[in-house]
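Undergrad: First, the structure itself, so that you have it in front of you.
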């Protein structure tokens, strides 16, 4: 996958958007505006461009987590953001590549929810104070912009697009301005149209990998290709293989998936969600109606995201942002009622996965420390209470970090994605293969393209169109002119 993330920006830098690129590689049909950002730096940074620019969202996450953590005791919104990025660092970032679109998508969702909370948690008196109301309206517009930006990043961001629509139409304070509708339509167009055009140019399908609303262009990948690619994505997310293992047809895939590393990660997050939900109900009591009156659609859109991803491609990479968002929202509400209780809830919730999945002895030790922490937090008051409590908190956080890191390293024995990979791992030995007047480059020491000349092909899937059936659209323009299917006849 890292090779695909490296290759996409290089195509933008050298040739722009290449027609029919999905014919060469099914992965390169997944277009994202995120891949255009490293392109201008390719000439300066070379092999480092995608790694440096792609890791910028990781840097933002770490900085924002530290900033919010320092203010978490004072503002519930900051507690939300600290919880969101803490869980992101523990469960998502150690699992995906630094150049992954999922990282920046996660940042967009977290910051959008934060800005939305800043708006919805304002005092009612603000509505009568013009300057303050305008300030809070800015938070709302930032939330809407960030949520709409997910349309330009990845198709898995569609569920939070629903939240952007809700925030706009539900708040009369911004709709009363005559130009608000024009702004909203412009933003949708600005974020959605470029990606739709890019996917049409690379595959002939505006909603790639789906062939819905496809165009009959010479570079259209074909209905059969599209259907098999979707099947492959689903099967790979559930089984980590290209075919369904015998005996796991239908809903039996859930058991197989739950035993694999991706399923264990999701199970860990679900344990944290379940625990946080219990603490939410304990702290909310009669205020549950109040919470859902204000934040129902926030939670609803995230639940839609969980169900949408789980029913299609239940990978931790795709589903975690939505689960983390729900956990952080509940933590935000707990924090608004009782700060100490909120901190205790987060620590206990983080501990549960290691309790359930660890050894009996370690589970007993963890439970004893949690009981001690609860006692010190609420019943024991002395000059030693605070330092002891802080030490236990640190122990719990560090042990949680080691638990998730160990699970990540166990799942990926050859690499740990939280760290930037050694650039030598992206360099390849390669051979030239000339097919239909196109010189392709094929790595000889790896199954991924990495950082080698374009166009590259490697580890092609069985249903992908053979390179012998692909040719240049314009031989004079070369790769810049794009690729098409040889002797193509519209379907």
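Undergrad: Residues that are assigned to a helix (DSSP H, G or I), in contact (Cβ under 8 Å) with a residue 60 or more places away in the chain, surrounded by fewer than 17 Cβ atoms within 10 Å (Cβ to Cβ) and in contact with a helix residue (DSSP H, G or I) (Cβ under 8 Å, 6 or more places away or on another chain): does region 202-221 have at least one?
TA: No, because not a single residue in region 202-221 is assigned to a helix (DSSP H, G or I), in contact (Cβ under 8 Å) with a residue 60 or more places away in the chain, surrounded by fewer than 17 Cβ atoms within 10 Å (Cβ to Cβ) and in contact with a helix residue (DSSP H, G or I) (Cβ under 8 Å, 6 or more places away or on another chain).
Undergrad: From 52, 103, which residue is at pLDDT 85 or above and in a helix (DSSP H, G or I)?
TA: Of the residues listed, the single one that is at pLDDT 85 or above and in a helix (DSSP H, G or I) is 103.
Undergrad: Which condition number does residue 17 fail, the rest of (1) assigned to a helix (DSSP H, G or I); (2) under 30 Å from residue 210 (Cα atoms); (3) under 24 Å from the mean Cα position of the chain (by Cα) being met?
TA: (1) is the only condition that residue 17 fails.
For every residue, the table says whether it meets (1) touching a helix residue (DSSP H, G or I) at 6+ places or on another chain (Cβ under 7 Å); (2) buried (at least 21 other Cβ atoms within 10 Å of the Cβ); (3) under 16 Å from residue 80 (Cα atoms).
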{"residue": "289", "(1), (2), (3)": "no, no, no"}
{"residue": "292", "(1), (2), (3)": "no, no, no"}
{"residue": "297", "(1), (2), (3)": "yes, no, no"}
{"residue": "305", "(1), (2), (3)": "yes, yes, no"}
{"residue": "333", "(1), (2), (3)": "yes, yes, yes"}
{"residue": "337", "(1), (2), (3)": "yes, no, yes"}
{"residue": "341", "(1), (2), (3)": "yes, no, yes"}
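Undergrad: Another question, if that's okay. Is there a residue being at pLDDT below 90 and either outside any helix (DSSP H, G or I) or in contact with a strand residue (DSSP E or B) (Cβ under 8 Å, 6 or more places away or on another chain) (or both) anywhere in region 78-90?
TA: no
Undergrad: Pick out the one residue from 97, 7, 64, 74 that is part of a loop (DSSP other than H, G, I, E, B) and either modelled with pLDDT of 85 or more or under 30 Å from residue 338 (Cα atoms) (or both).
TA: Criteria check complete, one pass: 74.
Undergrad: Oh, and also: Can you tell me which condition residue 180 does not meet? The list is (1) exposed (fewer than 15 other Cβ atoms within 10 Å of the Cβ); (2) at pLDDT below 85, and all the others hold.
TA: Every condition holds for residue 180 apart from (1).
Undergrad: Out of curiosity, is residue 440 in contact (Cβ under 8 Å) with a residue 12 or more places away in the chain and out of contact with any helix residue (DSSP H, G or I) (no Cβ under 6 Å at 6 or more places or on another chain)?
TA: yes
Undergrad: Same structure again: In contact with a strand residue (DSSP E or B) (Cβ under 7 Å, 6 or more places away or on another chain), under 21 Å from residue 218 (Cα atoms) and assigned to a strand (DSSP E or B): is that true of residue 471 in this structure?
TA: yes
Undergrad: Among the candidates 84, 56, 79, single out the residue that is on the phi < 0 side of the Ramachandran plot and without any contact (Cβ under 8 Å) to a residue 40 or more places away in the chain.
TA: 56 is the lone residue from the list that is on the phi < 0 side of the Ramachandran plot and without any contact (Cβ under 8 Å) to a residue 40 or more places away in the chain.
Undergrad: Got at least one residue in region 474-484 being in a strand (DSSP E or B) and touching a helix residue (DSSP H, G or I) at 6+ places or on another chain (Cβ under 6 Å)?
TA: Yes; the residues of region 474-484 include at least one that is in a strand (DSSP E or B) and touching a helix residue (DSSP H, G or I) at 6+ places or on another chain (Cβ under 6 Å).
The values are calculated or read from the model by the stated rules, or taken from the named source; none is laboratory data. As the structure is a prediction and not an experimental result, all values here were calculated from the model. Reconstructed Cβ throughout: ideal geometry from the backbone, glycine too, with neighbour counts over all protein chains shown.
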